[in-house]
Amino acid sequence: MMNPKTQNKVAIGTLYGIAGLVVLILMALLGYILVSGLPQLSWHFLTAPAKAFLKGGGVGIQLYNSFYLLILAMLISFPIALGAAIYLYEYAKDNWVTTTIRTAIEILSSLPSVVVGLFGFLFFVVKLNLGFSILSGAFALTFFNLPLLTRSIEDSLRTIDTTQREGGLALGLSRWETVTRVILPAAVPSILTGVILSAGRVFGEAAALIYTAGQSAPALDFTDWNPFNISSPLNPMRPAETLAVHIWKINSEGIMPDAKAISSGSSAVLVLAILLFNFAARYLGKRLYKRLTSA
Amino acid sequence: MFLSNDLTQNTEMLERHVVQPTDPQHPTILSTEDLHVYYGKKEAISEGDLRFASNQITALIGPSGSGKSTFLRSLNRMNDRIATVTGKIMYRGVDINQPDIDVYEMRRRVGMVFQRPNPFAKSIYDNIAFALRLRGVTDKHVLDEIVETSLKQAALWNQVKDDLNKSALALSGGQAQRLCIARAIAVKPDILLLDEPASALDPVSTSQLEDTLLDLKQHYSIIIVTHNMQQAGRISEYTAFFNQGRVLEYDTTSHIFTNPQVQITSDYVSGNFG
């Protein structure tokens, strides 16, 4: 028998070991991606269109497509997730209906993204005749994103103390006023963290997009912002290969001579973009929280 | 001045002793009739027939789980979603416990302060002003004035007048609780319900809060749940003793504390039980 003190030391040591291992693996992965990818990066690489057969192509269009799809997917999924979370946590009573909804959300959130992609292909691309398009991709990503985002917003609402709700109601505010004026402003940082996390997942998602947003990146004319023109960057009906899909495609069937370098470069860009996005959103969340709560 | 509705007064201890306030200078502002509260099938409160005098402080005392908080929260229908409340709650001649009452308007007249200070994650100013803005008060001067008078009434103005735009979350427990009082009186209620407002505060803050309540009773009728017997004795005119969901004794505070008529009240106020 160990005495409690030794026991505690062993436990702490083990936990440190596990945490260290996780950090080490992460560092190694990140380090490998950055070390092999960073040398490939240049302004040309970030802005030039990809080349199918020659070396020296870039990822400009894929990068743009990734951001555009992310924004569209978030614009569609965030309001739905927010509404669902508010309903589930603030209004719905605990009964079999809400239990069923919660179970459905949990099952949906563990759905493999390739299944979401195939469903998106059959339903949006074929049945609704949207074709391989940004819109199909955005809808597929919404399906992919909705369950987790709803869960995370619901969890954010849960972190706000019940006494805050009672405080609002006791002042004669309606439940809706209490939610929108008291609870949501206080929950903003936590909601934003959830949005960032899911944005990272969406940004790096490939499987759900291969059959929905397509694997081709037609040339874009960045001077044409009329969304109805086929070469306009804003056109949601054009096929749009994203960065993540690009990486997958190069590695499986890339025939350009510098395929490996482009793949490494793209991976580094993907990782950096997600990091950048994280920091920016965090900063924004703090600013927003300050403005809403004058903390 | 006080009429007993109990005609069987004698020297023996009674089962139940309820004397409703009848002071003509402080007419009844709120009363309950045949009030029952159920959590699911379980009855938490039965036959709470009480009358509350205006511009006085009424203390609700009793052991934990005796139903005093449940009773208080039923008065402005904060229990609507978790409990079933039957019977009448008469406020200025209107039964506010009926479904077609505008609950939100009613809660503005019957304000509430909770056990734990719950300032909103907003500035001190906005904590008070935002509910008013939602009700259409947008004039900056009017808002400024209401914020100032409410904070003064809650005895907080001098401490925060230069920090009105700072977050209310930075206030100490006692200050936060007084901000909650200021917030509650800013919407100009008639009645203030307080649910153990001092239980999370230190002795100095508690004593300041009690002074504030004594000042406030000029303008508001106050009903306060408290665990603290001395507090009830110090500030209230009337005291109701709750036990197991029933009001066992209701009388002036001085009677309850010096000459309780029910054995269990006597045991409770003398600290032998509870």
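Couple of notes before you dig in:
- Neighbouring Cβ atoms from other chains, within 10 Å of the Cβ of residues in A:158-164, number 2 on average.
- Shielding of B:103-113 by partner chains, average beta-carbon count, 10 Å: 3
- The peptide list B:34-45, A:3-14, B:249-260, put in order of mean Cβ contacts within 10 Å with the highest first, becomes B:249-260, B:34-45, A:3-14.
- Two-decimal Rg to Rh for the stretch A:44-293 - Kirkwood Rh, Cα set: 1.04
- Per-residue shielding of A:181-191, expressed as the average number of other chain Cβ atoms within 10 Å of the residue Cβ, stands at 2.
- The share of C-alpha pairs in the stretch A:76-146 whose separation exceeds 19 Å stands at 43 percent.
- Principal axes of the protein assembly as shown: Cα extent on each, largest first, Å: 108, 69, 50
- Listed by chain and number, the lysines whose alpha-carbon sits under 18 Å from that of B:Lys68, ignoring those within fewer than 8 places in the same chain, are B:Lys42, B:Lys88.
- Cα lying deepest toward the dipole's positive end in the stretch A:44-293, options A:Tyr283, A:Tyr89, A:Phe119, charges on Cβ: A:Tyr283
- The HN-Hα couplings worked out from phi for the stretch B:161-178 by the Karplus form 6.51 cos²θ - 1.76 cosθ + 1.60 (θ = phi - 60°) are 4, 8, 10, 4, 8, 7, 5, 6, 6, 8, 6, 6, x, x, 5, 4, 5, 6 Hz, whole numbers, x standing for Gly and Pro.
- Highest average packing first - B:175-181, A:278-284, A:143-149, Cβ atoms within 10 Å: B:175-181, A:143-149, A:278-284
- Base-10 log of normalised Debye intensity for the stretch B:153-264 (one unit scatterer per alpha-carbon) at q = 0.12, 0.14, 0.15 Å⁻¹: -0.48, -0.63, -0.71
- Between the alpha-carbon centres of the stretch A:9-74 and the stretch A:82-128 there is a gap of 29 Å.
- Qualifying lysines (Cα of each under 30 Å from Cα of A:Lys127; at least 8 residues distant if same chain): A:Lys249
- Secondary-structure-derived ellipticity at 222 nm for chain B, considering helices only, amounts to -9500 deg cm²/dmol, per-run term -39500 (n - 2.57) for DSSP H runs with n ≥ 4.
- Pairwise FRET efficiency - A:Arg287 versus A:Asn129, Cβ, R0 = 35 Å, nearest 0.05: 0.25
- The 3J(HN,Hα) values that the Karplus relation (6.51, -1.76, 1.60; θ = phi - 60°) gives for the stretch B:38-54 are, in residue order, 10, 9, x, 9, 7, 7, 9, 10, 10, 6, x, 9, 9, 10, 10, 7, 6 Hz. Gly and Pro appear as x.
- For B:Asn243, the amide hydrogen comes within under 5 Å of the amide hydrogens of B:Leu248, counting only partners 5 or more places away or on other chains and with H modelled in the peptide plane.
- Calculated mean residue ellipticity, 222 nm, chain A: -22000 deg cm²/dmol, from DSSP H runs (n ≥ 4) at -39500 (n - 2.57) each, averaged per residue and rounded to 500.
- Fraction of antiparallel bridges per DSSP, chain B only, in percent to nearest 5: 50
- Taking θ as phi - 60° and the Karplus parameters 6.51, -1.76 and 1.60, the scalar couplings of the stretch B:226-243 work out to 9, 8, 9, 4, 4, 4, 4, x, 6, 10, 9, 8, 10, 9, 10, 9, 9, 8 Hz in sequence order, x denoting glycine and proline.
- Mean-position separation - Cα centroids, the stretch A:161-187 and the stretch B:53-119, in angstrom: 18
- Rounded if a/c under 1.5, otherwise prolate or oblate - the stretch B:11-89, Cα gyration tensor axes: oblate
- Protection proxy ranking of A:223-233, B:208-218 - average other beta-carbon atoms within 10 Å, highest first: B:208-218, A:223-233
- The stretch A:1-129 shape via C-alpha gyration tensor axes, a/c threshold 1.5: oblate
- In a reduced charge model with +1 at each Lys and Arg Cβ and -1 at each Asp and Glu Cβ, the stretch B:17-268 shows a dipole moment near 640 debye about its Cα centre.
- Rounded to 5, the percent of DSSP beta bridges in the protein assembly as shown classed as antiparallel: 50
- Gyration tensor (alpha-carbon) shape descriptor, the stretch A:246-292, a/c threshold 1.5: prolate
- Average projection area in nm² (convex hull over Cα atoms of chain B, one quarter of hull surface): 15.1
- Taking Cα centre as origin and charging only the Cβ of basic (Lys, Arg, +1) and acidic (Asp, Glu, -1) residues, the dipole magnitude of the stretch A:1-111 rounds to 360 debye.
- Partners of B:Lys152 within straight-line reach, counting lysines whose Cα lies under 19 Å from its Cα and excluding those fewer than 8 residues away in the same chain: B:Lys140, B:Lys161, B:Lys166, B:Lys188, B:Lys217.
Values in this text are rule-based calculations from the coordinates and carry no lab data. Please read these numbers as outputs of a predicted model, since none were measured by experiment. A quick note on method: Cβ atoms are made from the backbone with ideal geometry, for glycine too, and the neighbour counts reach across all protein chains shown.
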